[in-house]
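Trainee: Below are the structure tokens for one structure; questions will follow.
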Protein chains: 2
Amino acid sequence: MMISKVKNAMSNLVGGMMPHGHHHHNHHSGGQTCGTDSLPPRFPYGRPDFLDLTPELLQYSTEHASRPVLTLKRGSRLPWQTGYAEVINAGKSMLNEDQASCEKVFVKKPSGKHRNSTLLDQNGSYSHCLSLGLTTPDGTGIPLHFWGIFDGHAGSGAAIMASKLLHHLIRDRLGEICHLLENPSSAPPICLAKNGSPYQAEAKKGGAQEPEDPDAVSDASVRFYMEKVVSLESLVMGVIETAFKQMDDLIEKEKSSYAISGGCCALAAIHLMGKLYVANAGDSRAIIIRNNEVIPMTNEFTPESERQRLQYLGFLRPELLGNEFTHIEFPRRIQHSELGKKMLYRDHSMTGWAYKTIVEDDLKFPLIYGEGKKARVMATIGVTRGLGDHDLKVYNSNIYIKPFLSCVPEVKVYNLDEHKHGPDDVLVMGTDGLWDVTTDKEVADAITAYLSCCDPSDPMRYTLAAQDLLMRSRGVLKERGWRLPNDRLGSGDDITVFVIPLAGHESET
Amino acid sequence: MMISKVKNAMSNLVGGMMPHGHHHHNHHSGGQTCGTDSLPPRFPYGRPDFLDLTPELLQYSTEHASRPVLTLKRGSRLPWQTGYAEVINAGKSMLNEDQASCEKVFVKKPSGKHRNSTLLDQNGSYSHCLSLGLTTPDGTGIPLHFWGIFDGHAGSGAAIMASKLLHHLIRDRLGEICHLLENPSSAPPICLAKNGSPYQAEAKKGGAQEPEDPDAVSDASVRFYMEKVVSLESLVMGVIETAFKQMDDLIEKEKSSYAISGGCCALAAIHLMGKLYVANAGDSRAIIIRNNEVIPMTNEFTPESERQRLQYLGFLRPELLGNEFTHIEFPRRIQHSELGKKMLYRDHSMTGWAYKTIVEDDLKFPLIYGEGKKARVMATIGVTRGLGDHDLKVYNSNIYIKPFLSCVPEVKVYNLDEHKHGPDDVLVMGTDGLWDVTTDKEVADAITAYLSCCDPSDPMRYTLAAQDLLMRSRGVLKERGWRLPNDRLGSGDDITVFVIPLAGHESET
């Protein structure tokens, strides 16, 4: 039954079209409004281009029974000899909803015809002429390396679209401040004139509107003109944050013309001018392994880690809870017979727990409910940041989840040039399928052990290490499901891993 | 001029009455509505009881010109041989707006007549019969040690009231769960019947209201009945959090009957059953020094550290900004002539900076403005958590600041019993006057150096160490103000310091 469904899906898929509606099968994870059945997909389903799969291999990749591990082919190189491996889930969705991208692009000033191509205009809409054709290097511009993994849910549409476009948005926004990046020694000007050149505000006093003699500047006006110095690094962080927002807006906008299903967590690593920016919106994770020490580069955003932000929103905007949910957290559901008794609770301002007398309103379903991997926002979704999900509603209701989700990543910066890196020092990026069953320390030990046994000159070593990580997390199929060597359950989720050597940029320009 | 004012204030003060209105002198720090001139103070101004000051010493303590350091008298003991020292500011307010308390109390079941004495009733109002007379130990109950420092602003009223009452509120709330504290080995029950005994919810399915056969419990109902296990420790944390909230509510309520001026930061350390709970709401700081290593026990809550929370509130509730402020942050004020140009900004969701085109709305004053110690919320207040401030408004406007302030502390727990402590291992609690000029490391080095030269059996050694810290931060008066030995400026603020030996509890029961 499952297999025939897959076969059917694949025959459509290989022809470049998704079977409309079929990917909306996961009713338990919240209803996705499907008024879009007649719309074409924004991008056809597929695996990352760099895998260069034949139709046969693409079909082979979807076998839930065998869960083949896909890796880079020998001979196909990603920048920095990046290693990559992926595996499909054990049956929870027909297709692999993870996506990935790895690109080297060049940041340059917007040329006349592409100028403003991806800029948000005054009405908040985007031009359609995304400068997709500009990725061919012509030797000019500032090189930027991009790695992204996108863990989709309730469909593949958002993940695929983000994997195709997010790095372009980041590149184009950086292009707008290209002239600032080219002068890294001077801090970015606070104000820019319309032609992009720095605008120097004239000093003046109090509330006066007219420019005055600059020699007359008093202490008071100096204080009035407190100026924060903003670093170029925090400007790049801001560009990445706003590019995620722009990506999310673009998905929303294009849903009127295309079928773009579901949502996705997004984890991106960007190398620019000697620094590595790691931006995370969701529950994927990145760690740096240096000298077999773990340096965490992300925090996960889940109903538990973002509980207080979500409760605060529910508290301030109760109408978003649709009269069905309460923003107060309880350790379990309350029964009607418990009215008037006292129960442990915590609200948006609390970390500890206290007792409160149960009132009628407390019988509503809690906004945040469940523990660990089973924690959900409004009984629907287990991650609280990401892209897409604009149509996601609570099952059988008209309550939208999106206001509680954030598309803004947390960005951490690692200064590559400040450290000396050996060939076994890497950045590992993985979707939650990896980290659910393998700890940071286990990943570090496995990577270090594997790489130390590899020929240091083998360009495949990082892909082989990624494959090894994947096998450790997927396990092998036994009578009682996918099992790890220690007989614990392996991950039944889609898993995607990048292993990126930190000394990699030294071998390239 | 300043001195005659002080003399005048003191003559009233020594008589037990504050000169109404005189303590509202700090117009630049935001207007405090004074419709309360005819009301008596809730508690008269004074220094902490344990200093046992004569009227002459009390007056002496207010000399801004000499800034005498007050310490515990030899022979007057605080629990654990706690050390204490304080000094008044260099003139920024007439009186020392810092307050402190140090108490040993006993947690016990509420007795019949005091039952519910400080409980929030259904209407949110409190009974007046705060059980102040109950602090005399009668040998029963669970001992609780309390240290609090309260850094007042725009008046002393809130700080004095909190120093008199906060520990009672914490003690009384703990009393309500006394029967749970007495059984530390079992986790607190999720639900309590009205008589306080654990209430066991009957298992049932789905949405059914009637109790069913417990043997019929299915897997589904087990999942429905997910129960979080809440630790006793997080219950104590919740008690402390809610007691701070109750303290804040009490200040608001009693303002209708008493003059209670200003607001205060509150930092409290509570020792209960082998654990030290450090609760901080404001910009005071506590560190543990163990083996001359610093363990930070607090984070400061300031316009900069809480920028995103405040901006988020301004974004969701723009009416709180009174059409005069914008929740968007800019690196400096914008001039009208800059409309249409691009300026660096960040909103509630951003950590980095980006450029935006300036529109009319951006000309409003920023909700968060200024850097470091000069950062302010709505140009008025430099701390974002604390007690009181209910009437605080933006100068010359009707915009209240209070909605942006939080009275909930962050609570950190340190398990005293898990570590072996020597006589030089201490908890240092200090108001910002201390930490503005002395780093954690400098405090640790000074404490360690000082204590190692002290007779370990001298009960005054922690007070002498506190005095030493104070002198290092106040400095000495030279022609160009209060100066540290390295000629940097000393702190002109009120300074209050507790030095609490962590081995102290071993010598007492």
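The values are calculated or read from the model by the stated rules, or taken from the named source; none is laboratory data. Computed from a predicted structure; not experimentally measured. Every residue, glycine as well, gets a Cβ built from its backbone with ideal geometry; the counts of neighbours run over all protein chains shown. Just the protein is used for accessible areas: all its heavy atoms, side chains included, with ligands, DNA and RNA removed. Shrake-Rupley method; radii C 1.70, N 1.55, O 1.52, S 1.80 Å.
Trainee: Rounded to the nearest 10 Å², what accessible area does B:Ser406 show when all protein chains are kept and the probe is 1.4 Å?
Mentor: Result for B:Ser406: roughly 20 Å² accessible.
Trainee: Okay, next question. Distances from B:Ser305 to the same residue in each other copy, label points 7 Å out along Cα→Cβ, in nm, shortest first?
Mentor: Sorted ascending, the copy-to-copy spacings read 2.2 nm.
Trainee: Distances from B:Lys228 to the same position in the other copies: list them in nm, one decimal, shortest first, using label points 7 Å from Cα along Cα→Cβ.
Mentor: Ordered by increasing distance: 3.2 nm.
Trainee: Take every residue in peptide B:361-372, count the Cβ atoms of other chains within 10 Å of its Cβ, and give the average of those counts.
Mentor: 1
Trainee: Oh, and also: First select every other residue whose beta carbon is under 14 angstrom from the beta carbon of A:Leu310; then total the charges, Lys and Arg +1, Asp and Glu -1.
Mentor: Net charge in that neighbourhood comes out at +4.
Trainee: Oh, and also: Would you please name the GluC sites (Glu not before Pro) within the range A:476-509 that are DSSP coil residues with at most 16 other C-beta atoms within 10 Å of their C-beta?
Mentor: Here the GluC sites (Glu not before Pro) that fit, given the DSSP loop and packing criteria, are A:Glu479, A:Glu508.
Trainee: Right, next: Hey, can you grab everything whose amide H is under 5 Å from the amide H of A:Gly352? Only 5+ residues off in sequence or another chain; H modelled, so Pro and N-termini drop out.
Mentor: Distant-sequence amide H within range of A:Gly352: B:Gly238.
Trainee: Quantify how much of the Cα-Cα distance distribution of the range B:417-478 extends past 14 Å, in percent.
Mentor: Summing the P(r) tail past 14 Å for the range B:417-478 gives 58 percent.
Trainee: Still on this structure, I have one more. Quick one: net charge around A:Phe365, please, counting Lys, Arg +1 and Asp, Glu -1 for every other residue with C-beta under 9 Å from its C-beta.
Mentor: +1
Trainee: Work out the FRET efficiency for A:Glu319 and A:Lys253 from their Cβ-Cβ distance, taking R0 = 25 Å, and round it to the nearest 0.05.
Mentor: For R0 = 25 Å, the calculated efficiency reads 0.50.
Trainee: Can you list the aspartates and glutamates whose alpha carbon is less than 16 Å from that of A:Lys412, not counting same-chain residues fewer than 8 positions off?
Mentor: Hits, sequence-local ones excluded: A:Glu233, A:Glu241, A:Asp283, A:Glu300.
Trainee: For the rotation taking chain A to chain B, which residue of A has the Cβ nearest the axis, and how many Å away is it?
Mentor: A:Leu316, 3
Trainee: Report, in listed order, any pair from B:Lys373/B:Lys402; B:Lys253/B:Lys373; B:Lys104/B:Lys373; B:Lys341/B:Lys393; B:Lys109/B:Lys194; A:Lys164/A:Lys393 with a Cα-Cα distance greater than 24 Å.
Mentor: Exceeds cut-off: B:Lys253/B:Lys373; B:Lys104/B:Lys373; B:Lys341/B:Lys393; A:Lys164/A:Lys393.
Trainee: If you filter the range B:394-451 for trypsin sites (Lys or Arg not before Pro), then keep DSSP loop positions with at most 14 other Cβ within 10 Å, what is left?
Mentor: B:Lys420
Trainee: Can you tell me the length gained on complete extension of the stretch B:His179 to B:Leu57, counting 0.36 nm per residue apart and subtracting the Cα distance?
Mentor: Full-extension gain reported as 39.4 nm.
Trainee: Next question, about the same structure. Using Cα pairs under 8 angstrom and six or more residues apart, how large is the relative contact order of the range A:373-497, in percent?
Mentor: In percent, rounded to a whole number, it is 20.
Trainee: State, in square angstrom and to the nearest 100, the accessible area buried between chains B and A, both chains counted, probe radius 1.4 Å.
Mentor: Between B and A, the summed buried area is about 5700 Å².
Trainee: Put a label point 7 Å from Cα along the Cβ direction on A:Arg480, then list its distances to the equivalent points in the other copies in nm, shortest first.
Mentor: From this label point to the equivalent ones elsewhere in the assembly: 7.7 nm.
Trainee: Out of all DSSP beta bridges in the range B:238-394, what portion is antiparallel? Express it as a percent rounded to 5.
Mentor: Roughly 90 percent of the DSSP beta bridges within the range B:238-394 come out antiparallel.
Trainee: Another question, then. Determine the shielding of peptide A:226-232 by partner chains: average, over its residues, the number of Cβ atoms on other chains within 10 angstrom of each Cβ.
Mentor: Neighbouring Cβ atoms belonging to other protein chains average 5 per residue here.
Trainee: Taking amide H positions as placed 1.01 Å from N in the peptide plane, with prolines and chain starts having none, which residues 5 or more places from B:Asp493, or on another chain, fall under 5 Å of its amide H?
Mentor: Under 5 Å from the amide H of B:Asp493 lie the amide H atoms of B:Ala90, each far enough along the sequence or on another chain.
Trainee: Quick check: pseudo-label points 7 Å beyond the Cα along Cα→Cβ at A:Leu39 and B:Ser197, how many nm apart are they?
Mentor: If labels sit at A:Leu39 and B:Ser197, their model points lie 6.1 nm apart.
Trainee: How much length is gained if the chain between B:Ser186 and B:Ala449 is pulled fully straight, taking 0.36 nm per residue apart and subtracting their Cα-Cα distance, in nm to one decimal?
Mentor: This chain segment gains 90.3 nm when fully extended.
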